[in-house]
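Every read-out reported here was derived from the displayed coordinates using simple, explicitly stated rules and does not represent laboratory data. What you are looking at is a predicted structure, and each value in this text was computed from that prediction instead of being measured. Here the Cβ positions follow ideal geometry from the backbone for every residue, glycine too, while neighbour counts run over all protein chains shown.
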């Protein structure tokens, strides 16, 4: 699993109520990533994804854009070793 990594991101801006979670899940599944996405009470969207670093970089690029109705103002991303506990990519919370 040495080629696997974990991306954790907080996405700020107009990112709730604009299909952000659903399009993030679709993009993650397209990239064969596992993990989750959820809305947070402060109006941000939180993402944890695991998989090969190149695919995670593609997901991060998507998070900077989001779906058409979203207006992303900032993405705080951190990288960690993959934990291996996920089997799918889900919308939680």
Of 85, 27, how do they rank once you tally other Cβ atoms within 10 Å and put the fewest first?
85, 27
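To make sure I understand, if each residue's beta carbon is the centre and we count other beta carbons within 10 Å, what order do 78, 48 fall in, fewest to most? Write out the running numbers ahead of the final one.
Working: 78 10, 48 19.
Listed from fewest to most nearby Cβ atoms, that is 78, 48.
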Residue separation times 0.36 nm, minus the C-alpha to C-alpha distance between residue 3 and residue 29: what's the value?
7.5 nm
Which distance in nm do the two modelled labels at residue 79 and residue 61 give, with both placed 7 Å along the Cα-to-Cβ direction?
1.6 nm
Give the angle, between 0 and 90 degrees and rounded to the nearest 10, that separates the Cα long axis of helix 53-65 from the longest principal axis of the Cα atoms of the chain.
0 degrees
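In terms of the Cα gyration tensor, with a ≥ b ≥ c the square roots of its eigenvalues, is the range 1-48 rounded because a/c is under 1.5, prolate because a/b exceeds b/c, or oblate?
Oblate, since a/c reaches 1.5 and b/c is not below a/b.
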If you take the C-alpha gyration tensor of the range 4-91, multiply each eigenvalue by 5 and take the square root, what semi-axes do you get, largest first, in whole Å?
20, 12, 12
Could you work out the relative contact order of the range 4-91, using alpha carbon pairs under 8 angstrom and six or more residues apart, expressed as a whole percent?
47 percent
